[in-house]
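Worksheet: one structure, shown below.
Each value in this text was obtained by applying a stated rule to the coordinates, not by laboratory testing. Because the structure is predicted, anything quoted here is derived from the model rather than measured. Heads up, the Cβs are rebuilt from the backbone with ideal geometry, glycines too, and the neighbour counts pull from every protein chain shown.
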């Protein structure tokens, strides 16, 4: 079980602001820090988080990413729930959660109910044929946890298949192997919006 540490809220706020300013991220607004709903939800999320090394790391990451995600998802509770799931599913298959955030931005702009003209579904735009491939026809690809599990597992598989070549793995994910337009979009979104230095 990870060691739980307690740090004053003022120290956490100061650290997040320093990190955000130092690395060019947009720091959470003062109003967002003072939002009692965000504080309550963040506290609950931290208690339930199992993919972070410690509470402090979890709080810093969740607050930082929540501020970045706010332009896509207005509700702070929904943002934190989604971020927690993304962190868990990505970490489980050794992907960087920020890469998964960039992929989701590229694929669906964080629209859980997105369906492409080709029939790909959900946040990570999973093609329904995958359910047949693994023999789980009952799975609902619109369900966030299911969608993330499929998407992260598929991307991790392609990354291993391509011996760590992220450009080729992303092109495989999109079904555009041999072309670079899709990987470039994902990597551009990652660098511009989600990378943590």
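Provide the packing ranking of 162-173, 54-65, 80-91, 109-120, i.e. peptides ordered by the mean count of other C-beta atoms within 10 Å per residue, highest first.
Details: 162-173: 17.5, 54-65: 20.1, 80-91: 22.1, 109-120: 13.0.
Descending mean neighbour count gives 80-91, 54-65, 162-173, 109-120.
Taking only C-alpha pairs under 8 Å that are 6+ residues apart, what is the relative contact order of the stretch 94-197 in percent?
Relative contact order of the stretch 94-197: 28 percent.
In nm, to one decimal, how far is the modelled label at residue 132 from the one at residue 92, with both set 7 Å along Cα→Cβ?
In this crude label model, residue 132 to residue 92 measures out at 2.5 nm.
Determine the equivalent ellipsoid of the stretch 112-190 by diagonalising the alpha-carbon gyration tensor, then write out the semi-axes as square roots of 5 times the eigenvalues, largest first, rounded to whole Å.
22, 14, 11
How high is the FRET efficiency from residue 75 to residue 153, r the C-beta distance, R0 41 Å, rounded to 0.05?
Efficiency, from the Cβ-Cβ distance: 0.90.
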